[in-house]
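**Q** Quick one: the structure is below, and I'll ask about it shortly.
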Amino acid sequence: MPRELTGRHVLIVTLGAFGTIIAVNLFMAFKAVGTFPGLEVKNSYVASQSFDRDRDAQAALNWTVTPEYDGRELVLAIRDGQGLPAPVQGLEVTVGRPTHVRDDQRPEFTYSGGLFRAPLVLEPGTWNIHLAATAPDGTVFRQRIDHYHGNRVN
């Protein structure tokens with residue numbers, strides 16, 4: 001003989017279903033915030049105050065950056081408007097995943113023959129190269145370069 005479906009049974013099933021949904025949502029939210037805080041700058045208002053001035057100064061440098069990665073070494077060619085090696089006084093680079101900071105690396109570059117070289121091991125996938133190069137006049141050239149390493153499935 002089948003059991004009767006009572007209000008208590010419906011309440012338990014409903015609470016169980018919504019409890020599961022809420023638990024999964026909380027888990028996903030904590031994982032999302034824990035792996036990528038979503039911050040590009042600490043204070044966006046302060047950064048916005050000099051954005052136009054910094055962008056114009058950087059554009060006046062007319063520098064271009066070309067990265068190359070062979071699986072062992074990251075090579076950056078930083079060129080001026082005439083295609084000559086740019087006069088970089090200081091270089092800071094962070095290579096990391098676009099979705100989290102766990103795999104961020106700060107390679108140490110050496111300069112030779114107009115190229116910046118650093119040993120680097122990257123797992124296959126999408127990486128961001130965050131670059132800050134300082135010109136002789138103190139202008140900071142910032143660029144984020146999207147880089148893909150590994151095999152792509154077509």
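The values are calculated or read from the model by the stated rules, or taken from the named source; none is laboratory data. Computed from a predicted model, the values in this text were never measured in an experiment. Cβ: placed from backbone, ideal geometry, glycine included. Neighbour counts: every protein chain shown. Areas reflect the complete protein model, heavy atoms only, side chains present, ligands, DNA and RNA absent. Shrake-Rupley method; radii C 1.70, N 1.55, O 1.52, S 1.80 Å.
**Q** Test each condition in (1) among the basic types (Lys, Arg); (2) exposed (fewer than 13 other Cβ atoms within 10 Å of the Cβ); (3) part of a strand (DSSP E or B) for residue 117 and report the one that comes out false.
**A** (2)
**Q** Filter the stretch 67-82 for residues that are under 17 Å from residue 133 (Cα atoms) and small (Gly, Ala, Ser); which is most open to solvent (accessible area, probe 1.4 Å)?
**A** Ranking the qualifying residues of the stretch 67-82, first place goes to 81.
**Q** When the stretch 120-154 is examined, which residues are found to be more than 24 Å from residue 84 (Cα to Cα) and part of a strand (DSSP E or B)? Talk me through it step by step, then tell me what you get.
**A** At the first step, the residues of the stretch 120-154 found to be more than 24 Å from residue 84 (Cα to Cα) are 120-128, 148-154.
Within the stretch 120-154, 125, 126, 127, 128, 148, 149 qualify.
**Q** Only one of 128, 43, 151 is among the polar types (S, T, N, Q) and at pLDDT 90 or above; which?
**A** Values: 43 fails: at pLDDT 90 or above; 151 fails: at pLDDT 90 or above.
Sole residue among the options that is among the polar types (S, T, N, Q) and at pLDDT 90 or above: 128.
**Q** The conditions are (1) open to solvent by 90 Å² or more (accessible area, probe 1.4 Å); (2) closer than 17 Å to residue 143 by Cβ, and residue 111 fails exactly one of them. Which is it?
**A** (2)
**Q** Can residue 106 be described as in contact with a strand residue (DSSP E or B) (Cβ under 8 Å, 6 or more places away or on another chain), within 15 Å of residue 66 (Cβ to Cβ), open to solvent by 60 Å² or more (accessible area, probe 1.4 Å) and without any contact (Cβ under 8 Å) to a residue 24 or more places away in the chain?
**A** no
**Q** Could you tell me which of the residues 94, 64 is under 20 Å from residue 118 (Cα atoms), of a type in the set (Ser, Thr, Tyr), without any contact (Cβ under 8 Å) to a residue 60 or more places away in the chain and open to solvent by 60 Å² or more (accessible area, probe 1.4 Å)?
**A** Within the list 94, 64, the selection yields 64.
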